[in-house]
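The values are calculated or read from the model by the stated rules, or taken from the named source; none is laboratory data. As the structure is a computational prediction, the values presented were derived from the model and not from experiment. Neighbour counts run over all protein chains shown; Cβ positions are idealised from the backbone, glycine included. Remember, those area values only see protein heavy atoms, side chains included, never the ligands or the DNA or RNA. Shrake-Rupley method; radii C 1.70, N 1.55, O 1.52, S 1.80 Å.
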Amino acid sequence: IAEYKKDYVEPFVSVLEKFEGKVPVVLVMEPDSLPNLATNIGHPHCGNPATVAAYKEGISYALTQLVSRAPWVSLYLDAAHGGWLGWDNNLQGFLTLLSDMKLPLDKVRGFATNVANYQPLGEICPYEPDQGYRNAYCLNQQHQSDPCCADPCKLESQYNPGNNELNYAQDLVQAAKGLLGMDARVIIDTGRNGVGDMRNDCSNWCNIRGAGAGLASAAVQNSSVVDAFFWLKTPGESDGCTSTLPDGSTCARFDSMCSSSDSIGSTPTEPRAPEAGKWFDFQVKQLAANAKLQSVTAPSTASFVVV
C-alpha cells in the first residue's frame, strides 16, 4: 500500500495538478476491482483479507487525493457491466460496498460500464421496477417485441434486466440515487460492442471473434442517465495471450479464458494472440471490418443527442 501511494498515486495526482484550467480530464477508477470485491469475495484470489484491505485502503486513498487536489477532474467509478452486476442482489451488493467504504461519492460524477468488454449497447426501456431497483419491463417474457428487450446474452430469463448497457446504466443510476443519494451519470465503453450477438457464451471476454467497434466516442446531451460513449479500452489491444505467443514461445501469463470457443486463436487457422495490452493486428482489423459507428436509436424514455 505504501508503494502504491508513493509511487503511483502521488505522481499521478501531481501531474493532474499541473493541468488545472488547461485541459478537461475524465478518469475511470480501477476497472474490475470493486465489482470483484462485491461479487467474488469467496474466491481466494479476491477475498483473502490482504487483498480486500489493499483494495479498500488503496482506492479510498486515491479517490480522496483526486477529489481534494484535482476537484476539476470528472471521476467515474468502474461498475463492471450488466452481465456482471445487472442482477439486483449484485448491484445492491456493489453499492453497499461503496457506502461501507465511506468514499467521497458527492464529488464523483458517476460510473463507467463495459470497460474492455463486449456487452451490447442496445436501447433503453421504460423504467418499471418490480422489486428494489430491478426494472421488470422485459422480465417474465414481457414486451419481447420491443427492441429494447433484445437479449443476445439471454440474461432476462435469469431475472437480470441488464440485457444491454443502456438498461443496466438506467438501473445503476436509479439504485445509486436510492441507496447512496447520488445523482450519478454513466459513461459506457463502446469500443468493441458494435456486434451484439457474436458469442456462444457471454461470459467469454478474451479477444472475441466476430466483434466490431461500436458507437464512436461522443458526448450525450439531454439524458438523465448517460454522459458519454467512449472507446475506453483502445480497440486492437489484446485482452490476453494464447498459450503460445505469436513468436512461438510459451505465454507465462496465459489465462484459460483466452482459449474459449469465442476467442481468436482458439482454432488452428487463426493467429496466436499476444499478451494483454499488446497490439493485436488481426483483432483490430476485425473490429474495423465489423464496426457500427453510427448513433443508436433514440431511447424510448429520453431524448439522446450525441455530439
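Of note:
- Residue check, D201 of a type in the set (D, E, K, R), open to solvent by 20 Å² or more (accessible area, probe 1.4 Å) and under 20 Å from C138 (Cβ atoms): no
- Listed by position, the helices (runs of 4 or more DSSP H) inside the stretch 42-99 whose residues that are in contact with a His (Cβ under 9 Å, 6 or more places away or on another chain) and either polar (S, T, N, Q) or open to solvent by 10 Å² or more (accessible area, probe 1.4 Å) (or both) number at least 1 are 49-69.
- Boolean, D281 is open to solvent by 60 Å² or more (accessible area, probe 1.4 Å), among the charged types (D, E, K, R) and at pLDDT 95 or above: yes
- Restricting attention to the stretch 147-176, the residues that are open to solvent by less than 40 Å² (accessible area, probe 1.4 Å), under 19 Å from D197 (Cα atoms) and in contact (Cβ under 8 Å) with a residue 24 or more places away in the chain add up to 13.
- Qualifying residue in the stretch 189-210 (condition: of a type in the set (A, V, I, L, M) and in contact with a helix residue (DSSP H, G or I) (Cβ under 6 Å, 6 or more places away or on another chain)): no
- Any hit, the stretch 207-220, residues being farther than 30 Å from L105 by Cα, in contact with a strand residue (DSSP E or B) (Cβ under 9 Å, 6 or more places away or on another chain), open to solvent by less than 10 Å² (accessible area, probe 1.4 Å) and at pLDDT 95 or above: yes
- Any hit, the stretch 139-152, residues being closer than 30 Å to D255 by Cα and assigned to a strand (DSSP E or B): no
- Only one entry in L166, L155 is modelled with pLDDT of 95 or more and under 16 Å from the mean Cα position of the chain (by Cα), namely L166.
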